[in-house]
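Here the structure is laid out as C-alpha cells; the discussion comes afterwards.
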Amino acid sequence: MNDNLIYREPEPSHATRIPARRSKGSLRGSMVAMLPGFQRPRVIYFESAPEYAFLCLMLVRDDVHHIREQPPAISYVGADGQSAQHVFDFLVTKKDGERVAVAIKPMRRALKLNFASELEAVAAAVPKTFADRISLVTDHHIDKSAAAEAARTLAWARPSLTEVAA
C-alpha cells in the first residue's frame, strides 16, 4: 500500500448554469468523468434520465474527446420574430475535431412543443466556431440497454482522484 497518495478534488463543471437540485418531474445529478480532452477528472451535470443515458453512452465511446454540458447560450430569432436564446444540453467534441451541439428532449415533449422547428431556427444562428452541426436526441433514439451497460462500465472504470505525492 502506498502511503504517499493524496486526494485531488475533481475539476468543477464547465457548465454555464448549474441545474436546480430538485425537480418533481426529472432526474437531476452529476458524475465525475475523465475524457482525453480533460486535464483532470471533471464533474458533469445532467438534468434528466435521457441526458444521463446519453452522457453514459458518450463517455464510453472511443471517438469522443471532450464533452461540455450546458455550453454558452445561442441567440436566435424565433418563428414569432422575437429574439430568444437556446442552451444546448451538451457540446460533444470528437477526436477528429467535429463539434456537435446536442439538444435532448423527451419525444412527447419535442412533438408537443414543435421543438424541431425551433431547433431549425437555432441551427441557422449557430456559428461554425461553436459547432459543426446540431443534433436532436429523444428518448426514442437512446438504446436503454446499451445505456445501462455503459453506466455499468463507467461505474467499474471510475477515474482515480488520488495520485502519488511529490
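The values are calculated or read from the model by the stated rules, or taken from the named source; none is laboratory data. What you are looking at is a predicted structure, and each value in this text was computed from that prediction instead of being measured. Every residue, glycine as well, gets a Cβ built from its backbone with ideal geometry; the counts of neighbours run over all protein chains shown. Remember, those area values only see protein heavy atoms, side chains included, never the ligands or the DNA or RNA. Shrake-Rupley method; radii C 1.70, N 1.55, O 1.52, S 1.80 Å.
Listed values, structure above:
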| item | result |
| --- | --- |
| Hits in the range 108-133 (condition: open to solvent by less than 50 Å² (accessible area, probe 1.4 Å) and either closer than 20 Å to Arg28 by Cα or not in a helix (DSSP H, G or I) (or both)) | Ala110, Val126, Phe130, Ala131 |
| Residues of the range 106-136 classified as touching a residue at least 40 places away in the same chain (Cβ under 8 Å) and touching a helix residue (DSSP H, G or I) at 6+ places or on another chain (Cβ under 6 Å), total | 1 |
| Breaking point among (1) surrounded by fewer than 15 Cβ atoms within 10 Å (Cβ to Cβ); (2) within 25 Å of His140 (Cβ to Cβ), for Gln82 | (2) |
| Filter result (touching a helix residue (DSSP H, G or I) at 6+ places or on another chain (Cβ under 8 Å) and open to solvent by 30 Å² or more (accessible area, probe 1.4 Å)) within the range 53-79 | Leu57, Val60, Ser75, Val77, Ala79 |
| Strands (runs of 3 or more DSSP E) fully within the range 7-94 counting 3 or more residues that are under 17 Å from Ala151 (Cβ atoms) and in contact (Cβ under 8 Å) with a residue 60 or more places away in the chain | 29-33 |
